[in-house]
Amino acid sequence: MFRMQRIAPLRPLRSKMARDSAFASRRSTEMLAISHLSSNARALSSLSPCDSGHGHWSSWDMNRLASGAGLLMSSGLWISSAQNHSSITNCEAAPEQKPGDNRNGQGLTEEEEEEDPYANLPEEDEPTDCSMCNTFRQGPCRPPWRKLERCFKDHENEEGGATKCMKYFLPHQECLMKYINLYDLVGQEMKQELISDIEQSFSKDERHQIPMPGIDWSLYHEFLKEQGPSFRQTIPNLPPETPLWKRLPPETEPVLISLQTELPKTYKRLSGKDNGWILKVAYVVDQDGKVLGFQYSEAYSDLLKISHGDKPEKETSLEDPLKVRLVIMPGETKSIQIKAFYSENPLEAKADKEILDGCICESPLTAVPSEA
């Protein structure tokens, strides 16, 4: 349990309402987007070979993209691309091509391909608060995603409408599987603004230094043994504000080393008269302040629901630490810093007042290992 020497008095912050609104909005749109894509994936998985022209897709195949999107949004576990990804078989049997049948790899005739209603979408995107949409609108998978996103939107209220998006689903899935780690970095970059808001909300007195939490570096040590400390994929001498994924040459899938740390969900105050502060969100940044890991605390969300008279689907224990996943980008990640944003326990907050922010507990900026 973290201990502190002196605590600055709790106080509401000027940007707190806007920041908390951003928290709620981001979390809500992420969950809705993941749910929407998952439901469309399930609809697509029920297609028969005659329906799709691709052969029968297993539910595992069709939900792979939705699951990947969920991992991007919730900082799930993706391992280093230094290991080869298994090939994916999307169909049990490809449709037999008859003589004179001029269908392409997506099951479309040349005439059908020419009539693609999304072939010439406007370059400017429609505004959206959907974090997942804004993530996939960037990078090398932008072209197939824009077609898939527009198709889902156009047919979302139709019974069986998702089946009309089959021909756009496969190209985006294939692209995403090729650039899993790159989109991990894009997803982390999408949280940069939110973290910037958090950082600006706390004064020096509201920041408490903690020891660096434990990290198992064994996977990174193995990488250093195999590749050496000079391994680098990025373009050198770029400005430090350049997003990590934009430091890569075009069409480069980065090697990322996925690690994990843990943080306590509560932070005791010296008075000992209450349950202390509750962990709201934890994140990891590098020497340039770039996000390497981000994790919401479900325990805080559960307490917030209970304080509003709602019952969470599954209460999360405050005793178990919050597991926080982070990535190391060899050649770019020189140092890391782990931070935890603690807030007043929603159950102890007064009904007529807003929940107070507590503090940011932050480790020292610590160099990553340079030798195996």
What do you get for trypsin sites (Lys or Arg not before Pro) in the stretch 298-331 restricted to DSSP loop and a cutoff of at most 15 other Cβ within 10 Å of the site's Cβ? 314
Rounded to a whole %, the carbon-and-sulfur portion of the accessible area of the stretch 186-261 at a 1.4 Å probe is 49
Taking amide H atoms as placed 1.01 Å from N in the peptide plane, list the residues 5 or more away in sequence, or in a different chain, whose amide H sits under 5 Å from that of residue 318. none
With the contact rule set at Cα under 8 Å and sequence spacing of 6 or more, what percent relative contact order holds for the stretch 133-189? 39
Within the set of other residues whose C-beta is less than 10 Å from the C-beta of residue 289, count the net charge using Lys and Arg as +1 and Asp and Glu as -1. -3
Taking amide H atoms as placed 1.01 Å from N in the peptide plane, list the residues 5 or more away in sequence, or in a different chain, whose amide H sits under 5 Å from that of residue 266. 279
Please list 3J(HN,Hα) in residue order for the stretch 156-172, calculated via the Karplus relation 6.51 cos²θ - 1.76 cosθ + 1.60 where θ = phi - 60°; whole Hz, with x for glycine and proline. 5, 9, 9, 5, x, x, 5, 5, 6, 9, 3, 5, 9, 5, 4, x, 6
Alpha-carbon Rg/Rh ratio, for the stretch 242-353, with Rh computed the Kirkwood way: 1.10
Distance between the stretch 135-169 and the stretch 307-372 - C-alpha centres, whole angstrom: 34
Would you mind checking the pairs 305/339; 178/311; 246/323 and listing those with alpha carbons more than 31 angstrom apart? 178/311
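The values are calculated or read from the model by the stated rules, or taken from the named source; none is laboratory data. The shown structure was predicted, so the numbers you read here are calculated from the model rather than taken from an experiment. Positions of Cβ are generated from backbone atoms using ideal geometry, with glycine treated the same way; all protein chains shown enter the neighbour counts. In case anyone asks, the SASA skips ligands and DNA or RNA and just uses the protein heavy atoms, side chains included. Shrake-Rupley method; radii C 1.70, N 1.55, O 1.52, S 1.80 Å.
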